[in-house]
Each structure stands twice: as C-alpha cells, then as structure tokens.
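Nothing in this text is a laboratory measurement; each read-out follows from the coordinates by a stated rule. Keep in mind that what you see is a predicted model, and the values were worked out from it rather than measured. Positions of Cβ are backbone-derived with ideal geometry, glycine not excepted, and every protein chain shown enters the neighbour counts.
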Amino acid sequence: MNTTPLACPFCQLPLHLHASSQGFYCDEKHRLDKNTQGFYSCLLGSKHKLQTLSRQQMRAKQFLLSSGLYAPLTAKLTELLQTLLSNNADSTPKHWLDYQCGDGFFIRQLHEPLAHEQLHTWGVSDAENALFAANKFHTPATLLLSSTKRLPFNDNSVDVVTVLDSQLKGQECQRVLKQDGRLVLVLPNSRHLWQLRKIIQPDLVEKPLALNLPKTLTIATQTQVALTQAVTAQQGEALIAQSNFGWRTNKSTARTVANISDMEVDFDWCVLVLKRAE
Ligand SMILES: [Zn+2]
C-alpha cells in the first residue's frame, strides 16, 4: 500500500496511491482521479463557489513573473528551500506543499535545484483556470483543486508549506504542517513598490510592516530581500494591477504610470520561515 499525506475529501481517511492508474483511494473505497485537465479536483458537489482568475489577471501575473523582476526573490527562496528540503540520511520522503500555487510559477522556478527522488511536490489552488495553466506549463507537481477552507491533507503530514503569493488565512496551513515542519511566508515589506504607490497615493507615509502572525506559529528566521530595479510602463501597470492598492488608480495616475520609462522602483520582501509555537 502506497501511503500519501492526502486525506480523502469525502471522509477524511488517509488516501493511498494506486500506482498503475496514479489515482488515489481511501479504505472506504472513495476515489480521486486526475481529470483530463491534468489535476485532481477535491471539491465535492456544487457546494463550493469556484474561484477563477480573470484572463487579464492571469496575463498580468504571467507577464510579471516572466519579466525577471522576481528573480532576486526566487534566488533567496531556492536557498532557503534547499536547506529545508534537502535529502536526509534516512531518505524518508519529504512533502512540499505550495499553497495557492496559481499557475505554478514558483514551483517551476524553485523545483529544479530541490528535486531529489524522495521529494514530493504538491500544488493547491482554488482557481480552476490557474491549475489548467499550471498543467499546460508542465509544472512538476501533483496539482489539487481545493477549497482553502479544508485542504485535502492529513494533520501533521507536510514538511514545508510555502505561501508565496497569497495571504495566510485560517488554520489549514498550520494543521497540515508536521510538528517539526516549516512554513515559508513571503510578505510585501514597507518599501515594496514605494515609487509606484506614491504615484497612486501621493500623501502616503511609510509604516513598519505589521506581521499579525497566528499564535500557533513563531518565527524561525526572518530575511529581507530588498533592491531597486528599473521598471517599464508595462511592468508598472502589471505591478499595480496585481497589488492591493490598484483599486485606487484613477485616469490621471494611470496616465502617469503609462508614461514612465525605466523608473527606479524599490522591491522589498519579507521572507519568514515559521515553525509551530511550543
Ligand atoms: Zn473516503
């Protein structure tokens, strides 16, 4: 029997892998099979409201991620994950879960230097079209469509959970994390995209980052990745579209951004490695 960290979406019993079909099944004989779009749907019935990203959002994100502006961040993350997921002496399988993996960009960027026989990579998203894209781009992971309210994993089953492009909400990421597991969280720091934010909101004042971490987690390490990069108008527009201040844009500020050329913009990320609080 091939055990996995997965829990049956129907009855929560552990799921086993059926090697020849690459499907999963529980002792109650529920089955979870890969669909023709290349991922496993853990949504039950029509109860769940399916999330979709707009085509515009998907394009903006793909454009941004492939523009190289995130390379300093992915370099730092690769270094961190190499330490956390390196092949251990007793060769027990390691499980890496990328929470809200989107179209799989970070998995594809980070996977190669980490890959070893004992590493299993899981990508979870609640957006069906994002996973469709993740499969199309050959993301090297088992892709799961799931509500973020209940992840299809057993308690204490995952070595590393990454939350790289999403907010940490609820308790699910902590629930699935092993006792000695680590959660890697990326947050925009106080100077992140400062010059673009100043265009949209001229009276903006700098505030220190408020972490607001859940009580069940404590900081193992905290690293800042900060640098200034030249940004084109197209990149600037995409960065604003992706941000949580984009809604403040009006016609006049949009025109200003459309006319920038190689504007120096601060990128400032806080990379947290979190562990369970004692
Ligand atoms: Zn079941």
Report summary line: With the charge dipole of the chain built from beta-carbon charges (+1 for Lys and Arg, -1 for Asp and Glu) about the Cα centre, the Cα from ILE219, ALA7, SER41 projecting farthest to the positive end belongs to SER41
Query raised in the report: With a 10 Å Cβ neighbour count serving as the proxy for reagent exposure, in which order, fewest first, do CYS11, CYS26 appear?
Result: CYS11, CYS26
Report summary line: Here segment 55-67 yields Karplus 3J(HN,Hα) values (6.51, -1.76, 1.60; θ = phi - 60°; whole Hz; Gly and Pro given as x) of 4, 5, 4, 4, 5, 4, 5, 4, 4, 4, 5, 8, 7
Query raised in the report: Build a GNM of the chain with springs between Cα atoms under 10 Å: which of TRP96, TRP122, TRP247 gets the top mean-square fluctuation?
Result: TRP247
Query raised in the report: Can you give me the relative contact order of the chain as a percent, contacts being Cα pairs under 8 Å and 6 or more apart?
Result: 18
Requested in this report: Check the straight Cα-Cα distances from LYS136 and name the lysines below 22 Å, setting aside those fewer than 8 residues away within the same chain.
Outcome: LYS34, LYS61
Query raised in the report: In 5 Å bins starting at 0, how do the alpha-carbon pair distances of the chain split up by percent?
Result: 1, 5, 11, 16, 17, 16, 13, 9, 6, 3, 2, 1, 0
Report task. Show me 133-142, 220-229, 64-73 ranked by packing, highest mean number of other Cβ atoms within 10 Å first. Result -> 133-142, 64-73, 220-229
Query raised in the report: Say each of ASN156 and LEU211 gets a label point 7 Å from the Cα, pointing the same way as Cα to Cβ; how far apart are those two points in nm?
Result: 2.5
Query raised in the report: Amide H to amide H, which residues 5 or more places from SER190 or on other chains are under 5 Å from it, using H placed in the peptide plane?
Result: LEU209
Query raised in the report: Among LEU77, LEU15, LEU53, which one moves the most in a GNM of the chain with springs linking Cα atoms closer than 10 Å?
Result: LEU53
**Report entry** Rounded to whole Hz, the Karplus (6.51, -1.76, 1.60) HN-Hα couplings of segment 247-252, x for glycine and proline
**Finding:** 5, 7, 4, 10, 4, 5
Query raised in the report: In the chain, with Lys and Arg counted as +1 and Asp and Glu as -1 at Cβ, which of these residues, LEU272, VAL163, ASN259, has the Cα nearest the positive end of the dipole, that is, farthest along it?
Result: ASN259
Query - Computed Rg/Rh of segment 109-246, alpha carbon atoms with Kirkwood Rh - result: 0.99
Query raised in the report: Say we join alpha carbon atoms closer than 10 Å with springs in a Gaussian network model of the chain; which of ARG55, ARG182, ARG150 then has the biggest fluctuation?
Result: ARG55
